[in-house]
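> Once you've had a glance at the structure underneath, I'll fire off some questions.
The values are calculated or read from the model by the stated rules, or taken from the named source; none is laboratory data. For clarity, every value in this text was computed on a predicted model and none was experimentally measured. FYI the Cβ positions are ideal-geometry reconstructions off the backbone, even for glycines, and counts take in every protein chain you see.
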Amino acid sequence: MMALPHIGFVVAAYALAALVVAGMIASILWDYRALSAGLARLEAARGEKDER
Amino acid sequence: MWNFASPSVFISLTRRALPWLWLATAVLFAVGLWMSFAAPLDYQQGVTVKIMYIHVPAAWLSTFVYGVMTLASLGTLVWRHPLADAAQKSAAPLGAGFTFICLVTGSLWGKPMWGTYWVWDARLTSVLVLFILYLGLIALWRSIEDPGRAARAAAILTLVGCVNLPIIKFSVDWWNTLHQPASVFRLGGPTIAPELLWPLLVMALAFTLLFLALHLMAIRNEILRRRLARLTMIAAAEGDSLAPRLATGGSRA
């Protein structure tokens, strides 16, 4: 630990970067799932309407 | 060329390209991180030099993303292409993310090296202005309901804001800053030792591919959001009672 006195700053920097990147990936994936589900519901509803 | 800019063709191309892009990104990150931690410590900075391998690529990406948005803004204003709107809108949160990483990792490097987390130095301040610009653009997109009007307003603000890019780049030459001058892209070649430079370049490439993958996914989301909005309006016009409930699909306006 004495040889690496500033290791805490390095760990914090990498953890922060990983967190932000993970957040960006998760938010885009979550958005995609919500949009795909919305489109699927809309198409299913239109299909039901056409059958009637 | 214009065929590739058609939303349906874009979605189909994205579906095929994304798995390969993610694979290349993961491999480059694995190699880049391994090289970064295997690289020798700097004789002055010690272990804090490791922060450089994420700070510098994030800094490059913060201006690169804004450059992409500037080109997309020209596409919006000159050709009025909907894919240019989508590219510009979806890049802003990513640019904000990379700029945030750049600012915070820079602060975490500055404390042990400079003795302070922050100074109002020209480079740091101009990057902070860039971060605020990204937030302003995100807010602008969210505050105007009509996507066409929002795109034009955001495009104009983006073009105005691009004057900040040369300020960021040359701030270390024009003013007496605490931030060190360019050490990679400079006349006369890099001043960094190859043992430290190669991991940095691999990490920069990994970050760039990460941005490309995320940007393609975000543009695809934007196309789907517009398709959903259009179909919902058609359903509403046809008197579909399900339309209001369906319109809630998607998370970002």
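> Taking B:SER90 and the conditions (1) more than 14 Å from chain A (Cβ to nearest Cβ); (2) touching a residue at least 60 places away in the same chain (Cβ under 8 Å); (3) under 30 Å from B:LEU224 (Cα atoms), which numbered condition does it fall short on, given that it satisfies the others?
Checking B:SER90 against (1) more than 14 Å from chain A (Cβ to nearest Cβ); (2) touching a residue at least 60 places away in the same chain (Cβ under 8 Å); (3) under 30 Å from B:LEU224 (Cα atoms), the one that fails is (1).
> Sticking with this structure for a sec: So which residues in the range B:108-142 are of a type in the set (Gly, Ala, Ser) and either modelled with pLDDT under 95 or in contact with a strand residue (DSSP E or B) (Cβ under 6 Å, 6 or more places away or on another chain) (or both)?
Result: B:GLY110, B:GLY115, B:ALA122.
> While we're here: Among A:LEU4, A:LEU19, which is the only one that is modelled with pLDDT under 90, farther than 22 Å from B:THR232 by Cα and either surrounded by fewer than 17 Cβ atoms within 10 Å (Cβ to Cβ) or of a type in the set (Ser, Thr, Tyr) (or both)?
A:LEU4
> Let me ask you something else. Looking at the range B:169-212, which of the residues that are more than 14 Å from chain A (Cβ to nearest Cβ) and of a type in the set (Val, Ile, Thr) is surrounded by the most Cβ atoms within 10 Å (Cβ to Cβ)?
Within the range B:169-212, the match that is surrounded by the most Cβ atoms within 10 Å (Cβ to Cβ) is B:VAL202.
> Something else: Could you tell me whether any residue of the range B:213-234 is in a loop (DSSP other than H, G, I, E, B), at pLDDT below 95, within 13 Å of chain A (Cβ to nearest Cβ) and closer than 12 Å to A:LEU42 by Cα?
Within the range B:213-234, none of the residues are in a loop (DSSP other than H, G, I, E, B), at pLDDT below 95, within 13 Å of chain A (Cβ to nearest Cβ) and closer than 12 Å to A:LEU42 by Cα.
> Show the residue pairs that are 6+ apart or on different chains and have beta-carbon atoms under 8 Å apart, the first residue being within the range A:29-50 and at the interface with another protein chain (Cβ under 7 Å from one of its Cβ atoms), the second being of a type in the set (Val, Ile, Thr) and surrounded by fewer than 17 Cβ atoms within 10 Å (Cβ to Cβ).
Matching pairs, first to second residue: A:GLY38/B:THR248.
> Here are the criteria: (1) surrounded by fewer than 17 Cβ atoms within 10 Å (Cβ to Cβ); (2) part of a helix (DSSP H, G or I). Tell me which single one B:TRP118 does not satisfy.
Checking B:TRP118 against (1) surrounded by fewer than 17 Cβ atoms within 10 Å (Cβ to Cβ); (2) part of a helix (DSSP H, G or I), the one that fails is (2).
> Next question, about the same structure. When you look at B:TRP114, is it out of contact with any Ser or Thr (no Cβ under 9 Å at 6 or more places or on another chain) and within 14 Å of chain A (Cβ to nearest Cβ), yes or no?
Judged against the criteria, B:TRP114 is a match.
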